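The values are calculated or read from the model by the stated rules, or taken from the named source; none is laboratory data. If you're wondering where the values come from, they're calculated on a predicted model, not measured in any experiment. Positions of Cβ are generated from backbone atoms using ideal geometry, with glycine treated the same way; all protein chains shown enter the neighbour counts.
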């Protein structure tokens, strides 16, 4: 067991144990080690925490800070016992946590939204460019030493242009989900000359006409409008999937949806792999229903190998879930996760990003 404690002179009865399932580095760990009255039990290895180690060490803990790879379920909560006050995850998603069980025990839950908005928006635009310009195919020509044998052709190795031109003066971008990341992605696309923005959102979302008018004015767009899912599929030149995961959105992008899309369209998924039916997307690419795809998330990840149907499609760029992968973003996420943990240990502590668990009771 790897244990680090501070304030060794403090009364043992008032000390609180916290479990941290990954070393968060020299800029973040001191936030824990300098806090009086804490015993910090740290998993020091740079890999997913061993389940048996976690079950053994969490007994009697007041708080636990986990990664999205760490399952927070009934067994773990039972092993922790009644002292557990807070679970903090260094992630935006919380599919790895049994929220009804956490809510039932009146445990607070912190997560790290907002911090990664810019990084994921950047990556979404990158994938749109890569998929449109068939980056997977053209990069392989160099990596596999095939470039010398490729005969140049007027329309060889071409793809649809993201930016508008005098020959193609309109571009419609679509968003499946229109939250913070979608709107940040839209802002990054404006210099490309995007003219129209369409999106879908949850059926119970409040009216958005005023906001949409303001966005259109702000970005000098011809229109920003909320549409039904069929219209989204039919009209999007580039479609960004940026909706939460879960059963309500599972396989929203299925064969029926993909068949409605333009043959020249590009699909980008940087939200959750479960939203897109991988087999249907592979078939759409193989049979030419759409032009290309770029995905940072895949259903069943990380069990995605060279034999996966999407990896085998040359017009699909597949990344290993690195949307938040910038130094700045990961530092921000780690810091927020620690601050959530520390605030959650206090009865009246104001957690910077706490998930409301009332709906899970």
Seminar exercise, completed: Note on the stretch 122-149: residues loosely packed, with under 12 Cβ neighbours inside 10 Å and assigned to a loop (DSSP other than H, G, I, E, B) are 144, 145, 146
For this session: Report yes if residue 170 is outside any helix (DSSP H, G or I), surrounded by fewer than 18 Cβ atoms within 10 Å (Cβ to Cβ) and in contact with a strand residue (DSSP E or B) (Cβ under 9 Å, 6 or more places away or on another chain), otherwise no.
Result: yes
Seminar exercise, completed: Checked 279, 271 against criteria (touching a strand residue (DSSP E or B) at 6+ places or on another chain (Cβ under 9 Å) and assigned by TED's automatic domain parsing to the domain that holds residue 172); the one match is 271
Exercise. In the stretch 104-120, is there at least one residue being touching a strand residue (DSSP E or B) at 6+ places or on another chain (Cβ under 9 Å), surrounded by 18 or more Cβ atoms within 10 Å (Cβ to Cβ) and in a helix (DSSP H, G or I)?
Worked result: no
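Only one residue in 295, 241 is in contact (Cβ under 8 Å) with a residue 24 or more places away in the chain, surrounded by 19 or more Cβ atoms within 10 Å (Cβ to Cβ), in contact with a strand residue (DSSP E or B) (Cβ under 9 Å, 6 or more places away or on another chain) and under 18 Å from residue 134 (Cβ atoms), so which one is that?
Within the list 295, 241, the selection yields 295.
One line per residue, one yes/no per condition, for (1) part of a loop (DSSP other than H, G, I, E, B); (2) surrounded by 14 or more Cβ atoms within 10 Å (Cβ to Cβ); (3) not assigned by TED's automatic domain parsing to the domain that holds residue 265:
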position: 207; (1), (2), (3): yes, no, no
position: 210; (1), (2), (3): no, no, no
position: 217; (1), (2), (3): no, no, no
position: 225; (1), (2), (3): no, yes, no
position: 230; (1), (2), (3): no, no, no
position: 233; (1), (2), (3): no, yes, no
Problem set entry | Residue count, the stretch 189-205 (criterion: part of a loop (DSSP other than H, G, I, E, B) and surrounded by 14 or more Cβ atoms within 10 Å (Cβ to Cβ)) | 4
Exercise. Looking at (1) modelled with pLDDT of 95 or more; (2) under 18 Å from the mean Cα position of the chain (by Cα); (3) surrounded by fewer than 22 Cβ atoms within 10 Å (Cβ to Cβ); (4) within 20 Å of residue 95 (Cβ to Cβ), can you tell me which one residue 337 breaks?
Worked result: (3)
Exercise. Taking the stretch 235-248 on its own, how many of its residues are over 12 Å from residue 200 (Cα atoms) and either in a loop (DSSP other than H, G, I, E, B) or modelled with pLDDT of 95 or more (or both)?
Worked result: 6
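Rundown of residues vs (1) without any contact (Cβ under 8 Å) to a residue 24 or more places away in the chain; (2) more than 26 Å from residue 320 (Cα to Cα), yes/no style:
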position: 69; (1), (2): no, no
position: 78; (1), (2): yes, yes
position: 85; (1), (2): no, yes
position: 88; (1), (2): no, no
position: 96; (1), (2): no, no
position: 112; (1), (2): no, no
position: 115; (1), (2): no, no
position: 132; (1), (2): no, no
Problem set entry | Residue identified as assigned to a loop (DSSP other than H, G, I, E, B) and either under 24 Å from the mean Cα position of the chain (by Cα) or over 20 Å from residue 218 (Cα atoms) (or both) among 100, 82 | 82
